[in-house]
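The values are calculated or read from the model by the stated rules, or taken from the named source; none is laboratory data. In this text, all values refer to a predicted model and were calculated from it rather than measured experimentally. Cβ coordinates were reconstructed from backbone atoms using ideal geometry, including for glycine residues, and neighbour counts include every protein chain displayed.
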Amino acid sequence: MEFSQYPVNTLLSITNRPDLVFTEGQGMWLTDHTGKRYLDFLQGWAVNCLGHSPQCVQDALIKQAGRLINPSPAFYNEPAIRLAETLTKHSCFDRVFFANSGAEANESAIKLARKWGQLHPNAAGDNRFEIITFEHSFHGRTLATMSASGKTGWDTLFAPQVPGFPKAHLNDLESVKGLITDKTIAIMLEPVQGEGGVLPVAPAFMQALRALTQKHNLLLIVDEVQTGMGRTGELFAYQLSEIEPDIMTLGKGIGAGVPLAAMLCKEEFACFTPGDQGGTYNGNPLMTAVGQAVADTLLAPGFMASVRESSEYLGAELERLSEEFGLQGERGEGLLRALRLGQDIGPQIVEAARLMEPVGLLLNAPRPDLLRFMPALNVTHAELDQMLAMLRQVLRQVQAA
Ligand SMILES: *Cc1c(COP(=O)(O)O)cnc(C)c1O
């Protein structure tokens with residue numbers, strides 16, 4: 001079918017999409033409506049942690065679809081209970097609330113913190129509700145999570161904002177201290193700022209935040225929607241700093257492509273009472289059964305070691321490529337990495353890579369001077385090598401132009 005034959009204008013326009021329609025995906029590869037194949041280093045924005053249409057997800061969906069899809073969140077179901085048990089067993093948390101998107105999981109974390117702040121008011125007896133977040137952070141696209149985000153321009157887009165999210169500078173403890181008031185209830189951050197440009201939080205900074213929050217009786221919330229579920233080479237990125245947060249949110253990789261997210265908290269902060277939080281699809285067995293299949297895969301012996309091995313290989317190869325082309329090096333954690341270009345040629349590279357023939361390469365430039373790599377966690381060396389060879393070709397092309 002020709003692209004022009006698709007009635008794409010029946011979809012509300014929300015972003016500039018290229019003139020192609022993806023029809024199939026398998027592992028690291030996508031196929032478009034013309035049959036052209038693309039090596040996919042976006043993977044749904046770090047979502048498809050096991051690549052496109054992994055067998056374990058297909059099996060879990062088919063098996064669970066024939067058994068029970070939706071009894072309603074007013075009742076228990078087996079996959080939700082099992083997955084909550086798995087997540088709490090392998091993290092420092094005790095309780096899980098399932099949601100359908102990262103933004104919704106973060107909304108839950110914000111609501112839980114505000115509830116905690118009502119139950120633990122300041123000396124004057126006022127609610128504590130302010131949550132300190134960070135410049136360039138990304139927490140989602142609902143009104144509260146947009147307000148929590150530090151994305152440039154988002155303070156006025158859809159104004160007025162939800163109040164109570166002062167912004168500090170990442171890896172700058174004084175900037176956080178300066179924002180603490182008697183209304184503060186929590187500090188919330190991504191262990192690696194993903195959309196902000198793959199900026200890792202220094203372990204010493206995370207540890208200092210843990211000490212600071214303990215001193216001021218504040219909650220420490222980590223948004224691991226992008227970094228969680230093995231992406232950074234640990235099951236959860238907070239483990240890189242050897243601290244224990246109070247609340248964590250998960251999304252993206254937890255469902256390997258299906259809509260599943262979660263908020264986890266320690267027992268002492270599990271302060272919701274009936275009516276405070278819910279949602280029609282929360283914890284539905286179809287999605288949580290997939291989450292279980294994903295978790296089982298990540299927890300299988302040797303899987304995380306192979307993620308760390310691939311990460312080291314990709315990091316070293318990107319560094320080598322950077323030297324070859326006179327770029328500014330690479331950074332990241334695990335299989336969430338970025339190449340610093342030193343010039344605003346990111347969008348040009350992304351476009352040229354996609355247009356390559358006979359196969360294309362899908363990359364992302366979260367900032368104009370940066371390329372981000374978020375392959376499937378089970379990416380092979382051969383696939384990494386193929387991407388690097390294609391990227392070299394595109395860089396030569398762009399630098400020559
Ligand atoms: C993607 C992302 C979100 C939002 O998740 P959605 O599923 O798109 O709502 C929140 N926080 C971080 C760190 C993310 O990367």
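Odds and ends about this structure:
- Residues within the stretch 45-63 that are small (G, A, S) and touching a Gly at 6+ places or on another chain (Cβ under 6 Å), tallied: 2
- With respect to the conditions (1) surrounded by 14 or more Cβ atoms within 10 Å (Cβ to Cβ); (2) charged (D, E, K, R); (3) touching a residue at least 12 places away in the same chain (Cβ under 8 Å), D155 falls short on a single one, namely (3).
- Subset tally (residues that are surrounded by 14 or more Cβ atoms within 10 Å (Cβ to Cβ) and among the acidic types (D, E)) for the stretch 5-45: 2
- Out of H52, H33, one residue alone is free of Cβ contacts under 8 Å to residues at least 60 places away in the same chain, under 30 Å from V350 (Cβ atoms) and not polar (S, T, N, Q). It is H33.
- Among residues of the stretch 109-134 being touching a residue at least 60 places away in the same chain (Cβ under 8 Å) and assigned to a loop (DSSP other than H, G, I, E, B), the one that is farthest from I221 (Cα to Cα) is N122.
- Residues that are at pLDDT 95 or above and within 12 Å of the ligand (Cβ to nearest atom) are absent from the stretch 202-220.
- Residue, farthest from the chain's Cα centre (by Cα), within the stretch 216-274, restricted to residues that are surrounded by fewer than 24 Cβ atoms within 10 Å (Cβ to Cβ) and of a type in the set (V, I, T): T273
- The stretch 1-56 - residue that is part of a loop (DSSP other than H, G, I, E, B) and of a type in the set (V, I, T) and, of those, nearest to M374 (Cα to Cα): V47
- Yes/no for E268 being closer than 30 Å to L212 by Cα, away from the ligand (no atom under 16 Å from the Cβ) and either at pLDDT 95 or above or not hydrophobic (A, V, I, L, M, F, W, C) (or both): yes
- Tallying residues that are within 20 Å of I180 (Cα to Cα) and within 12 Å of the ligand (Cβ to nearest atom) within the stretch 146-167 yields 3.
- Against the conditions (1) under 25 Å from the mean Cα position of the chain (by Cα); (2) assigned to a loop (DSSP other than H, G, I, E, B), A353 satisfies every one except (2).
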